[in-house]
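The values are calculated or read from the model by the stated rules, or taken from the named source; none is laboratory data. What you are looking at is a predicted structure, and each value in this text was computed from that prediction instead of being measured. Cβ: placed from backbone, ideal geometry, glycine included. Neighbour counts: every protein chain shown. Surface areas here come from the heavy atoms of the whole protein model, side chains and all, with no ligands, DNA or RNA. Shrake-Rupley method; radii C 1.70, N 1.55, O 1.52, S 1.80 Å.
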Amino acid sequence: MTTPLYAVFGHPIAHSRSPFIHARFGEQTGIALRYVAIDAPPEQFMEILWDFREAGGRGANVTLPLKEYAAGHCAELSEAAARAGAVNTLIRRADGQWRGDNTDGIGLLSDLARLGVPLAGRTIVVLGAGGATRGILGPLLAAAPARLHIANRTPEKAEELALHFAALGPVTGGGLDTLAALGPADVLIQATSATRGGSLPVLPAGLIAPHTIAYDLGYGAAAEPFLALARARGAAAAHDGLGMLVGQAAESFRLWHGLRPDPASVLAELRALLAGG
Ligand code: ATR
């Protein structure tokens, strides 16, 4: 029997850590698998995905910029993927069609739990109203915060998202200028792509208090400007999203193999690897 094949699709994809993470999960659980990174420009994604299935591909992760596109091309979507309008996990059904799921929110929640960050009854502020934010709002609201406010450069996008998720909890949205009147965030989540371009939205002084816990969905150099700002303003803690990355991978692994690996040891190994350059 050939080793079951899995992949991550994205564009670019060369620096993806997912092959490393899933190889470790496979070793940890004793499940034989091959997991590869496949570069897929959006206009070729469907063709590449077709070839992958023909080659025996059983499941895949989908990352930037394909998550929304993938959601539109699955035969079936989980509730989380349908609500987010974005897919990060493809599961091959018995009939060969793809079911799309989204494990980003569960990945974030599992990492916040690991870090001991309380959410129930707290004020959560999310910066950004793009695809990354769509993926995490459902699970964040399920954690019963007192309030969740989305602040975005383009106010309408934050307002639309707040409306879209209103049935799930007390969520509001507006422009970055709405942050000034908000007071301090208990949990402040950086979900814009601004730092990929090296810039950061301007944040009012009162947003970060000594009890604020800051979390950037990115990691490495992309997370540094926001985490440095949070530390400089005296936040209680500032965490990058490496634990979320491993957490979403663990949940994808569970969906494919029926077994949830332990993310902790893989996270420690990955962090050491990144620190070593
Ligand atoms: P992703 O899937 O990473 O969320 P996206 O869907 O393109 O990517 O969304 C990017 C988010 O980062 C958006 O909220 C965007 O704000 P706009 O909706 O106004 O475009 C935000 N963003 C990107 N660059 C930014 C910048 N320089 N300052 C503030 N926000 C920025």
Can you send over the carbon and sulfur percentage of the accessible area for the range 105-240, probe radius 1.4 Å, protein chains only? 58
Calculate the spin-label point distance for Glu160 paired with Asp95, positioning each point 7 Å from the Cα along the beta-carbon direction, and give it in nanometres. 3.2
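Please give the per residue accessible area of the chain, computed with a probe of 1.4 Å over protein heavy atoms only, in Å².
43
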C-alpha center-to-center spacing [the range 8-29, the range 101-118] in angstrom: 19
Whole-Å distance linking the alpha carbon centroid of the range 233-247 with that of the range 141-158 is 19
Relative contact order, percent, the range 105-240 [alpha-carbon distance under 8 Å, six or more residues apart]: 21
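Could you estimate the translational diffusion coefficient of the chain from the Stokes-Einstein equation, with Rh from the Kirkwood formula over C-alpha pairs, at 25 °C and 0.890 mPa s, in whole µm²/s? Don't skip to the end; give the middle numbers.
Working: Rh = 19.1 Å.
After rounding, the answer is 128 µm²/s.
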So how much slack lies between Arg58 and Val202, counting 0.36 nm per residue of separation and subtracting their Cα-Cα distance, in nm? 47.5 nm
Any idea what the dipole of the range 30-166 comes to, in debye rounded to 20, about its Cα centre with Lys/Arg Cβ at +1 and Asp/Glu Cβ at -1? 500
Inter-label distance for Asp39 and Ala268, nm, one decimal - labels placed 7 Å from Cα along Cα-to-Cβ: 3.6
Roughly how tilted is helix 104-114, in degrees to the nearest 10 and between 0 and 90, from the longest Cα axis of the chain? 60
Relative to the longest principal axis of the C-alpha atoms of the chain, give the angle of the C-alpha long axis of helix 45-54, reported between 0 and 90° and rounded to the nearest 10°. 40
With only Lys, Arg, Asp and Glu charged, each at its Cβ (+1 for the first two, -1 for the last two), find how big the charge dipole of the chain is about the Cα centre; round to the nearest 20 debye. 460
Note on the range 105-240: alpha-carbon gyration tensor, axes a ≥ b ≥ c; rule is a/c under 1.5 for rounded, else prolate if a/b larger than b/c, else oblate; result rounded
Using alpha carbons only, how many degrees (0 to 90, rounded to 10) separate the axis of helix 131-142 from the longest principal axis of the chain? 70
Might you report the magnitude of the Cβ-based charge dipole of the range 105-240 about its Cα centre, with Lys and Arg at +1 and Asp and Glu at -1, to the nearest 20 debye? 120
